[in-house]
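One structure below.
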Amino acid sequence: MALNVLLIIIIVTVGVSLMAFNNRAMMDKMLYIPYDCKHNGNYARIFSHILIHADWAHLLFNMLSLYFLGEFLLFSFIYEYGVTVGQFHFVALYLLGALFATLIPYVRHQDNPNYRSLGASGAVSAVIFAAILWNPAMEIRLFFIPFAIPAYIFGPLYLLYEFYADKKGQSGVAHDAHIGGAIFGIGYILIINIDKGKEFFTTIFG
């Protein structure tokens, strides 16, 4: 029961992504295209793009990251606020994080008809950074690093990399969406539980 909303998000995302892999017309209709949103009013793209992914690697990385950190965060929300409110907070964080992650790309590319993006990375980034702020002392393990990294170290390093990669550009990755999602995830936790911000600094500085 506790994992209900998380599993629903993952199952729906995987299912739609798999269908889009074999249906180019479907994928084209769901891509995030700020130009189309602004000039043609196709605002459904703001959310539809989080259900599709470029390939298997893109899909698996996002869903595995969402599952492992999302499981911890969902249980934490349920423990703190109860089953109904806890699950509501998780869904709100995910969907609003996805929305917030589109804002910087929208400002940058609203008049660029060639810009496209897809994937749940911005929403997943919101969940990751919400989890980091909720428990900065937890350890995060990455597939390509043989040791665990404390969350309060991983978070800042990840953001520094994203800012650097975004400034450098030409990577084909929407780093600005990752940044937007991360900022929202931090902000959401501070809004619903300001003490988590205080605990974060206590963890770091003692």
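The values are calculated or read from the model by the stated rules, or taken from the named source; none is laboratory data. This is a predicted model, so every value here is computed, not measured. All Cβ positions, glycine included, derive from the backbone under ideal geometry; neighbour counts span all protein chains shown.
Worth pointing out:
- Restricting Ile128, Ile192, Ile204, Ile183 to residues that are among the β-branched types (Val, Ile, Thr), at pLDDT 95 or above and farther than 21 Å from Asn62 by Cα narrows the list to Ile192.
- Pairing residues of region 77-96 that are modelled with pLDDT under 95 with residues that are hydroxyl-bearing (Ser, Thr, Tyr), at Cβ distances under 7 Å and at least 6 apart in sequence or on separate chains, gives no pairs at all.
- In the condition set (1) part of a helix (DSSP H, G or I); (2) of a type outside the set (D, E, K, R); (3) farther than 22 Å from Ile9 by Cα, Leu93 is compliant with all but (3).
- Any hit, region 16-30, residues being touching a Phe, Trp or Tyr at 6+ places or on another chain (Cβ under 9 Å), outside any helix (DSSP H, G or I) and of a type outside the set (A, V, I, L, M, F, W, C): no
- Here Tyr164 meets each of (1) touching a Phe, Trp or Tyr at 6+ places or on another chain (Cβ under 7 Å); (2) of a type outside the set (Lys, Arg); (3) at pLDDT below 95 with one exception, condition (1).
- A count restricted to region 49-64 and to residues that are surrounded by 19 or more Cβ atoms within 10 Å (Cβ to Cβ) and part of a helix (DSSP H, G or I) stands at 6.
- In region 159-206, of all residues being surrounded by 14 or more Cβ atoms within 10 Å (Cβ to Cβ) and hydroxyl-bearing (Ser, Thr, Tyr), the one that is nearest to the chain's Cα centre (by Cα) corresponds to Tyr188.
- Scanning region 121-135 turns up no residue that is of a type outside the set (Gly, Ala, Ser) and more than 17 Å from Leu69 (Cβ to Cβ).
- The condition (being surrounded by 19 or more Cβ atoms within 10 Å (Cβ to Cβ), under 19 Å from Gly181 (Cα atoms) and touching a strand residue (DSSP E or B) at 6+ places or on another chain (Cβ under 7 Å)) is satisfied by just one residue among Thr102, Thr13: Thr102.
- Scanning region 142-193 for residues that are among the acidic types (Asp, Glu) and in contact with a Ser or Thr (Cβ under 9 Å, 6 or more places away or on another chain) returns a single hit, Glu162.
- Residues in region 31-48 that are surrounded by 14 or more Cβ atoms within 10 Å (Cβ to Cβ) and either assigned to a helix (DSSP H, G or I) or polar (S, T, N, Q) (or both): Pro34, Tyr35, Asp36, Cys37, Lys38, Asn42, Arg45, Ile46, Phe47, Ser48.
- In region 8-21, the residues that are over 10 Å from Ile52 (Cβ atoms) form Cβ pairs under 6 Å with partners that are assigned to a helix (DSSP H, G or I), at six or more places apart or across chains, as follows: Ile10/Met63.
- Being modelled with pLDDT of 95 or more and under 25 Å from Ser171 (Cβ atoms) is a property that holds for Phe100.
- Single match in Pro113, Pro156, Pro150 (criterion: surrounded by fewer than 20 Cβ atoms within 10 Å (Cβ to Cβ) and free of Cβ contacts under 8 Å to residues at least 12 places away in the same chain): Pro156
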